[in-house]
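**Student:** Let me begin by handing over the structure; questions about it come next.
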Amino acid sequence: VVACVTALYVPCVQKTVPGGDSGELITAACELGVAHPPGYPLFTLLARFSMCLLPSFSPAHSVNLMSSLLGAAACGCLCITVCRMTGPGPGAVLAAGLFAVSRLSWQWSMVAEVFSLNNLFIGLLFFLTTSFQCAENSTQRRKIARWGALCCGLGLCNQHTLVLYV
């Protein structure tokens, strides 16, 4: 699913600075500065890392590509979560595919914005929640809870609306 969504997203990614907060977020990553409150420190660091990984691309193009990969990973998390809840079958792939092409998921996966990373953290939290429910013993539950705490903390370093899921 992640590979298919990536193949769908990458050719459509903006190569320049799109509108909205993207310009500010790209600039913050270039300068290792702080964007408007809440500052989006995790996104800024990941964006800077993507610029270092893809030095031949413009900063805007590399950060936009990062957003598309994060969006594809979010779709993968959704697929795994639905598969865990309903069992293997086409439903999980269909759910992830529909999420991938939904208007807002598509829109925010094409540009440098914090929402794809937020979707990834929500997908991870849903996956960890279903994993916690299916865990066979307290040792597994503790391990899953620790991963969940890490995801909650990192997710809140990206966008504060994640608190609604925490």
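The values are calculated or read from the model by the stated rules, or taken from the named source; none is laboratory data. Keep in mind that what you see is a predicted model, and the values were worked out from it rather than measured. Positions of Cβ are generated from backbone atoms using ideal geometry, with glycine treated the same way; all protein chains shown enter the neighbour counts.
**Student:** Just one of Ala29, Ala72, Ala60, Ala35 is touching a residue at least 24 places away in the same chain (Cβ under 8 Å) and either of a type in the set (Lys, Arg) or within 17 Å of Cys157 (Cβ to Cβ) (or both); which is it?
**Tutor:** Ala29
**Student:** Is there any pair with a first residue in the range 115-130 that is farther than 19 Å from Leu25 by Cβ and free of Cβ contacts under 8 Å to residues at least 60 places away in the same chain and a second that is in a helix (DSSP H, G or I) and among the charged types (D, E, K, R) whose Cβ atoms are under 7 Å apart and which are 6 or more apart or on different chains, and what are they?
**Tutor:** Listed by first residue and then by second, the contacts come to Thr130/Arg84.
**Student:** Here is a list: Ala96, Ala145, Ala100. Which entry is assigned to a helix (DSSP H, G or I) and surrounded by fewer than 16 Cβ atoms within 10 Å (Cβ to Cβ)? Give the derivation first.
**Tutor:** Working: Ala96 fails: surrounded by fewer than 16 Cβ atoms within 10 Å (Cβ to Cβ); Ala100 fails: surrounded by fewer than 16 Cβ atoms within 10 Å (Cβ to Cβ).
So the residue among Ala96, Ala145, Ala100 that is assigned to a helix (DSSP H, G or I) and surrounded by fewer than 16 Cβ atoms within 10 Å (Cβ to Cβ) is Ala145.
**Student:** Within the group Ala92, Ala96, which residue is among the hydrophobic types (A, V, I, L, M, F, W, C) and within 30 Å of Ala29 (Cα to Cα)?
**Tutor:** Testing whether each residue is among the hydrophobic types (A, V, I, L, M, F, W, C) and within 30 Å of Ala29 (Cα to Cα) leaves just Ala96.
**Student:** Quick test for you: out of Leu65, Leu104, Leu117, pick the one residue that is within 17 Å of Lys15 (Cβ to Cβ), within 15 Å of the chain's Cα centre (by Cα) and not small (Gly, Ala, Ser).
**Tutor:** On inspection, the qualifying residue turns out to be Leu65.
**Student:** Checking the condition under 27 Å from Pro41 (Cβ atoms) and modelled with pLDDT under 95, which residue from Gln159, Gln133 passes?
**Tutor:** When all the criteria are applied, what remains is Gln159.
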